[in-house]
Amino acid sequence: MATISKLSNPSPAASLSAPSRSSSLPKVFLGFSTKTSLSKVRLSLTNTQPSPRTSLVVRCSQSSGNGSPIKRTTLHDLYEREGQSPWYDNLCRPVTDLIPLIESGVRGVTSNPAIFQKAISSSNAYNDQFRELVQSGKDIETAYWELVVKDIQDACKLFESIYDQTDGGDGYVSVEVSPRLADDTQGTVEAAKWLHKVVDRPNVYIKIPATAPCIPSIKEVISLGISVNVTLIFSLTRYEAVIDAYLDGLEASGLSDLSRVTSVASFFVSRVDTLIDKMLEKIGTPEALDIRGKAAVAQAALAYKLYQKKFSGPRWEALVKKGAKKQRLLWASTSVKNPAYPDTLYVAPLIGPDTVSTMPDQALQAFIDHGSVARTIDSNVSEAEGIYNALEKLGIDWGYVGNQLEVEGVDSFKKSFDSLLDTLQEKANSLKLVSL
């Protein structure tokens, strides 16, 4: 990796506003692990299989944009006809590259530690701000959060009009607490409070993982009036616990107006098939092999059924009277991992009202290019139930699947987080050497 002194300056388009003022980090953010440094990988964010139509990929470049946007796409139809909000699962500088996507129908953004690891490691657009932070004496993790917070603030500004037009119903940008806190209930609460305060935008979602220790964190953060994106949900059992935490938090808030406290529950899809397909191949029977690629969508359909059940009845109606909004289901992990499957497999069958589909480049371009818009999420619930039960009869333990994917998801984000801090430390060391 090139040293900071040899990297070019980012263009003015890389910044929408001056960097935010420094804010003291809570202790939970500080301190480095003594783990062996992870390898540094520079990853490209461009799609290797571009759509034949105009590319809408955000390339994390220093250009001022990606060219002329498509003025009308299936993404507009997705929202206007079926009530599903298409979001973009990526964020990097310059954030102005999001403008063509917004004009093409994207209504929000999700980010995570892996996304920022790729963005910051593969672009020099962060180097001027990072140089200033290091020279002012900031430690590496504090500098990391200032880089992230600026991107989130700038993206929130771009989606502000959607947030206002929908009265707080859409136009959100998500930022995740440190993945090192996945087993720390109170640390997660403090981190969420800090991020909410320092970002200081009405349309920011603080992402909290749906690990068992963080379920109480979700309740407390919601009760404080902070909007939350609950992430890494892989099972129906854990999803129900997430809903209950949201409802409990609303009830415990003491707020007379709940309309500004919103949430999404990020239910992961493709990773479910990745794991279960391997299990089915190991079983090896014709019945097992025939059901590959069907588990994830079936479970998602049952999650929507659970959503409809939980957000109805006397308890929910009492909260609605105070202005409460449903915690929308958000389909995450929508890119297809198996090239043998249709490239819209985790988008097209999951269309329904009051949901969000967050799509990385591959899924987003595929759906814009040849996706069809129709309500599909509850078109055949009985079939979904049949698949879910058939998998159980074959010996698939849904509890094991959920737990295993959660462990893998948390571990993946931790590795991305640690790897990026190592990369930033190398840059900082290079800068100090140059300064001597």
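The values are calculated or read from the model by the stated rules, or taken from the named source; none is laboratory data. Everything numeric here is computed off the predicted structure, so don't read it as measured data. Please note: Cβ atoms are built from the backbone with ideal geometry, for glycine as well, and neighbour counts cover all protein chains shown. Accessible surface areas use protein heavy atoms only, side chains included; no ligands, DNA or RNA. Shrake-Rupley method; radii C 1.70, N 1.55, O 1.52, S 1.80 Å.
One residue is enough: does region 372-389 have a residue meeting the conditions among the β-branched types (Val, Ile, Thr), surrounded by 23 or more Cβ atoms within 10 Å (Cβ to Cβ), at pLDDT 95 or above and assigned to a loop (DSSP other than H, G, I, E, B)? So far as region 372-389 goes, yes, one or more of its residues are among the β-branched types (Val, Ile, Thr), surrounded by 23 or more Cβ atoms within 10 Å (Cβ to Cβ), at pLDDT 95 or above and assigned to a loop (DSSP other than H, G, I, E, B).
Close contacts from region 237-259, counting a first residue that is over 13 Å from Ile218 (Cα atoms) and a second that is open to solvent by 30 Å² or more (accessible area, probe 1.4 Å), with Cβ to Cβ under 6 Å and a gap of 6+ residues or different chains, come to Leu258/Lys322. Of all residues in region 182-205, those that are on the phi > 0 side of the Ramachandran plot have Cβ atoms under 9 Å from Cβ atoms of residues that are in a helix (DSSP H, G or I) and open to solvent by less than 70 Å² (accessible area, probe 1.4 Å), 6 or more apart or on another chain, in Asp200/Gln153.
Only one residue in Leu306, Leu289 is in contact with a helix residue (DSSP H, G or I) (Cβ under 7 Å, 6 or more places away or on another chain), under 14 Å from Trp398 (Cβ atoms) and surrounded by fewer than 22 Cβ atoms within 10 Å (Cβ to Cβ). Which one?
Result of the check over Leu306, Leu289: Leu306.
Can you confirm whether Asp164 is under 30 Å from His76 (Cβ atoms), open to solvent by 20 Å² or more (accessible area, probe 1.4 Å), assigned to a helix (DSSP H, G or I) and not aliphatic (A, V, I, L, M)? Yes; evaluated as a whole, the condition is true for this residue.
Take Ile276 and tell me if it is open to solvent by less than 10 Å² (accessible area, probe 1.4 Å), touching a helix residue (DSSP H, G or I) at 6+ places or on another chain (Cβ under 7 Å) and over 27 Å from Tyr79 (Cβ atoms). It is true that Ile276 is open to solvent by less than 10 Å² (accessible area, probe 1.4 Å), touching a helix residue (DSSP H, G or I) at 6+ places or on another chain (Cβ under 7 Å) and over 27 Å from Tyr79 (Cβ atoms).
Taking the conditions (1) in contact (Cβ under 8 Å) with a residue 60 or more places away in the chain; (2) in contact with a Leu (Cβ under 9 Å, 6 or more places away or on another chain); (3) farther than 25 Å from Tyr79 by Cα; (4) open to solvent by less than 10 Å² (accessible area, probe 1.4 Å) in turn, Gln117 satisfies each one other than (4).
When region 178-203 is filtered for residues that are outside any helix (DSSP H, G or I) and under 16 Å from the mean Cα position of the chain (by Cα), the ones remaining, listed by number, are Ser178, Ala182, Asn203. Among the conditions (1) open to solvent by 30 Å² or more (accessible area, probe 1.4 Å); (2) over 23 Å from the mean Cα position of the chain (by Cα), the only one that Val407 does not satisfy is (2). Considering Ala182, Ala241, the condition of being crowded, with 24+ Cβ neighbours inside 10 Å and of a type in the set (Gly, Ala, Ser) is satisfied by Ala182 alone.
Considered as a group, the residues in region 260-318 that are acidic (Asp, Glu) and in contact (Cβ under 8 Å) with a residue 24 or more places away in the chain include one that is farthest from Lys207 (Cα to Cα), and that residue is Glu287.
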